[in-house]
Amino acid sequence: MTSWLRSVLMPVQGTSYAGSVDHLYFFLLYLSAFFFLLIAGLLAFFVIRYRRRSADDRTPHITHHAGLEAAWTIIPLVIALGIFFWGFRTYMEAAVSPGDAMEIQVTAKKWVWQFEYPNGTRSLNELHIPLGKPVRLVMTSEDVIHSFYVPTFRLKQDVVPDTYTQLWFQPTEPGMHRLLCAEYCGKGHSDMGGKIFVDDEKKYNDWLETGGDEGKNMPLVQFGALLYASRGCQTCHSLDGARGDGPSFKGVFGHPVTLQDGRTVLADENYVRESILQPQAKVVAGFDPIMPTFQGMLREREIGALVEFVKAQK
Ligand code: CUA
């Protein structure tokens, strides 16, 4: 019954912790269902059993029943305390990471997730982790409050500027898991997602080695289109000329661009490159300087691919 209901109500259990959360959740669900049926059933029963039968039907004077009152005080108290300690234990399971957990640094910013691995490899909106190994995330934000939320892991943690929050888990389910931002953080909030890839040790190590060179066998423009979608560019830069938080890519390349300070520059390869790495250097007139830098977060070939992609948006 529970496993069937779980498959209907819940996403797969991606961590050992997810099992603990589901246990408690279904206990609460069944407990609530039991009391709902008990109370609603008694209500219906009393309405019928003690209905007014004639105009001069009088209710007898009832004071109290000590045994009954003690029962409905003590039984819920015991249940509530039980739930408290069960919930506390489950919370502590998620709050205290084992000492041998691998640490990954997470930086959230409008509207991307950046990950840095122990060997210095970085990735954007894509977290790769080995199956069955405990992983600890040390998280902070560069701007507003975001929230790291993975439904299949049953984990959610606020990511706050000027402080570190942490999260740990031990993935038990290989494959792709969805990462969402669960704290409203502005216009791009609903696009601030990512993917978590849980791979076996070998595949994970291969990925770390190559830094996940996903566009290896792809033409640059096509690779650029992939990066445009996966690295968060699309949250601000449209391709159809529509105004977003940043200028549209349509028809930019090869044309003069008016900047905030009144200068006009030609949008060539170097201009696009600089706009990716030092976005504040040349801010387009009419836009706020809100773009985060991608310095150190993109490999050379990825920058080249994005330049080619912008160039292709005629
Ligand atoms: Cu970041 Cu919502």
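The values are calculated or read from the model by the stated rules, or taken from the named source; none is laboratory data. Model, not experiment: these values are computed from the prediction. Glycine also receives a Cβ, built like all others from the backbone with ideal geometry; neighbour counts cover every protein chain displayed.
Yes/no matrix, rows are residues, columns are (1) without any contact (Cβ under 8 Å) to a residue 40 or more places away in the chain; (2) under 22 Å from A108 (Cβ atoms); (3) crowded, with 18+ Cβ neighbours inside 10 Å:
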position: D162; (1), (2), (3): yes, yes, no
position: T165; (1), (2), (3): yes, yes, no
position: F169; (1), (2), (3): no, yes, yes
position: H189; (1), (2), (3): no, yes, yes
position: G193; (1), (2), (3): no, yes, no
position: E209; (1), (2), (3): yes, no, no
position: L220; (1), (2), (3): no, no, yes
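Condition test on T163, is it touching a Ser or Thr at 6+ places or on another chain (Cβ under 9 Å), in a loop (DSSP other than H, G, I, E, B) and more than 12 Å from the ligand (Cβ to nearest atom)?
It is true that T163 is touching a Ser or Thr at 6+ places or on another chain (Cβ under 9 Å), in a loop (DSSP other than H, G, I, E, B) and more than 12 Å from the ligand (Cβ to nearest atom).
Quick one: which of L37, L24, L5, L28 is touching a residue at least 60 places away in the same chain (Cβ under 8 Å), part of a helix (DSSP H, G or I), under 50 Å from the mean Cα position of the chain (by Cα) and under 30 Å from F88 (Cα atoms)?
L24
Across segment 87-115, which residue is farthest from the ligand (Cβ to nearest atom) among those that are within 21 Å of the chain's Cα centre (by Cα), modelled with pLDDT of 90 or more and of a type outside the set (A, V, I, L, M, F, W, C)?
Here the answer is T90.
Among the residues of segment 249-283, write down those that are touching a residue at least 24 places away in the same chain (Cβ under 8 Å) and either assigned to a strand (DSSP E or B) or among the polar types (S, T, N, Q) (or both).
V257, T258, L259, Q260
Would you mind stating whether V160 is among the β-branched types (V, I, T), at negative phi and at pLDDT below 95?
For V160, the condition - among the β-branched types (V, I, T), at negative phi and at pLDDT below 95 - is not met.
Look through segment 139-158, keep the residues that are of a type in the set (A, V, I, L, M) and buried (at least 16 other Cβ atoms within 10 Å of the Cβ), and return whichever of them is farthest from the ligand (Cβ to nearest atom).
L155
Of all residues being outside any strand (DSSP E or B) and more than 6 Å from the ligand (Cβ to nearest atom) in segment 180-196, which is modelled with the highest pLDDT? Just the residue, please.
Residue satisfying both the conditions and the ranking: A182.
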